[in-house]
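Below: one structure, written as structure tokens.
The values are calculated or read from the model by the stated rules, or taken from the named source; none is laboratory data. On a predicted model such as this, the values are computed, not experimentally measured, just so you know. Quick reminder, even Gly has a Cβ in these numbers, built from the backbone with ideal geometry, and neighbours come from all protein chains shown.
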Amino acid sequence: MYGAFAWYRGEVYIPDRSGDGIRFTGTACTLIYFGLIAGAANCISVVVDHYDKRNNEANYQKFAMVTRTVSIALLALGTVGSILYDGLQLW
């Protein structure tokens, strides 16, 4: 919910202990948003796998590995892109 609102607004704010926080805008905001979506899909797949009675653990493990990798990659790209190219707008 927060990710959708932040993406609509065009700025993702992640607070830290000192109170300044990190703001992602532009393309970095989009990458962070889709990274959060992939992470949420990963978490949901674990719950669905727990309640699924069929014997398809391998499929859920593959899906979890892909979504985890995509999530980490998008979050890292958004962070590095925000640091290197502050305010870059590709789309």
Flag for Leu36 being modelled with pLDDT of 85 or more and either of a type outside the set (S, T, N, Q) or within 12 Å of the chain's Cα centre (by Cα) (or both): yes
Residues within the range 42-55 that are surrounded by 11 or more Cβ atoms within 10 Å (Cβ to Cβ), of a type outside the set (D, E, K, R) and part of a loop (DSSP other than H, G, I, E, B), tallied: 0
Filter pass, Asn56 being more than 19 Å from Gly3 (Cα to Cα) and among the polar types (S, T, N, Q): yes
Failed criterion for Tyr8 (all others in (1) part of a helix (DSSP H, G or I); (2) of a type in the set (Phe, Trp, Tyr); (3) surrounded by 13 or more Cβ atoms within 10 Å (Cβ to Cβ) hold): (3)
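Each row is one residue, and each column tells you yes or no for (1) touching a residue at least 60 places away in the same chain (Cβ under 8 Å); (2) hydrophobic (A, V, I, L, M, F, W, C).
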residue: Trp7; (1), (2): no, yes
residue: Glu11; (1), (2): no, no
residue: Ile22; (1), (2): yes, yes
residue: Ile37; (1), (2): no, yes
residue: Asp49; (1), (2): no, no
residue: Asn59; (1), (2): no, no
residue: Val70; (1), (2): no, yes
residue: Ala76; (1), (2): no, yes
residue: Ser82; (1), (2): yes, no
Condition check for Ala64: at pLDDT below 90, hydrophobic (A, V, I, L, M, F, W, C) and part of a helix (DSSP H, G or I): no
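To keep it simple, each residue is scored yes or no on (1) surrounded by 13 or more Cβ atoms within 10 Å (Cβ to Cβ); (2) of a type outside the set (S, T, N, Q).
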{"residue": "Met1", "(1), (2)": "no, yes"}
{"residue": "Ser18", "(1), (2)": "no, no"}
{"residue": "Thr30", "(1), (2)": "yes, no"}
{"residue": "Ala40", "(1), (2)": "yes, yes"}
